[in-house]
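Okay, structure first, notes after.
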Amino acid sequence: MKIIGIGKNYINDKSEIAALKTGDQVIFLKAESTLVTNNKDIPFPKITNQLNYEVELVAKIGKSGKEIPESDAASYISEIGIGIDYTAKDVLNATRANKGPWTLAKGFDGASPINGFKPVSNFSDINDINFSLMINGKEVQAGNTSDMIYNFVEIITFISNYMTLEPGDLIFTGTPASGAGQNFKGDHLQASIEGELLLDFKLI
């Protein structure tokens with residue numbers, strides 16, 4: 001299975017969407033070994049001194065598809081959950097200095113905690129889903145899918161023009177434009193969809 005990430009996909013002001021929708025989506029891949037499930041606590045990664053979090057809705061693909069038209073793209077989503085896209089920012093900065101890929105900064109063990117997958121039929125409108133993240137009891141990020149530059153359908157169509165999507169593939173669909181930041185050992189993260197707590201773990 002593939003873990004596909006979407007970068008820079010949310011705005012604070014909906015009036016900005018049209019200008020930013022150039023068709024050039026930022027796509028990256030993460031290793032399957034980055035996944036942490038069932039709300040297991042995560043050992044703070046030894047490879048970084050600057051662990052940055054981003055809360056994201058995660059779309060799970062339910063059937064195979066290639067060159068999927070936007071008119072049919074929503075039918076390829078089987079479930080929606082929530083996760084954290086972790087970045088080792090110091091590793092990323094060093095990689096960027098040499099014009100290298102994001103692989104090590106995004107692909108380390110524990111970089112993709114996920115949970116709370118619900119059938120897509122549970123959501124009356126996938127373009128109007130609220131989600132949020134609390135750290136140590138304080139809300140640090142809150143978003144709604146109406147603030148996406150590229151919505152679920154546009155993301156699936158774009159990716160499928162380059163690679164076949166398969167059942168079980170996961171797409172991290174981007175983080176709210178504000179509130180992403182740095183985690184520290186001992187932090188307690190709790191992420192919710194529509195007010196329901198679904199992801200709950202500590203960095204140990």
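The values are calculated or read from the model by the stated rules, or taken from the named source; none is laboratory data. Note that the structure is predicted; figures quoted are calculated from it, not measured. Please note: Cβ atoms are built from the backbone with ideal geometry, for glycine as well, and neighbour counts cover all protein chains shown. What goes into the accessible areas is simple: the full protein's heavy atoms, side chains included, and nothing from ligands, DNA or RNA. Shrake-Rupley method; radii C 1.70, N 1.55, O 1.52, S 1.80 Å.
So, in nm, how far is label VAL26 from label ASP72 when the simple model puts each one 7 Å beyond its Cα toward the Cβ?
Result for the modelled spin labels: 3.2 nm.
Within 14 Å, Cβ to Cβ, of GLY83, how many net charges do the neighbouring residues add up to if Lys/Arg are +1 and Asp/Glu are -1?
Values: positive: LYS30, LYS40, LYS60, LYS106, LYS118; negative: GLU32, GLU54, GLU56, GLU79, ASP85, ASP169, ASP200.
Residues near GLY83 contribute -2 overall.
Given a 1.4 angstrom probe, I'd like the percentage of the accessible area of segment 109-193 that is carbon and sulfur, rounded to a whole number.
Roughly 47 percent, rounded to a whole number.
Find the percent of Cα-Cα distances in segment 1-62 that exceed 15 Å, and round it to a whole number.
So the portion of pairs separated by more than 15 Å is 69 percent.
Quick one: pull the percent of accessible area on segment 1-97 belonging to carbon and sulfur, 1.4 Å probe, ligands and nucleic acids left out.
The computed percentage sits at 48.
Classify the chain as rounded, prolate or oblate from the Cα gyration tensor: take a ≥ b ≥ c as the square roots of its eigenvalues, call it rounded if a/c is under 1.5, otherwise prolate when a/b beats b/c and oblate if not.
rounded
Per residue, how large is the accessible surface of segment 1-132? Use a 1.4 angstrom probe and give square angstrom. Provide the component values of the computation, followed by the final result.
Working: 6640 Å² over 132 residues.
On a per-residue basis, 50 Å².
Give the Cα extents of segment 111-204 along the principal axes, in whole Å, largest first.
41, 26, 24
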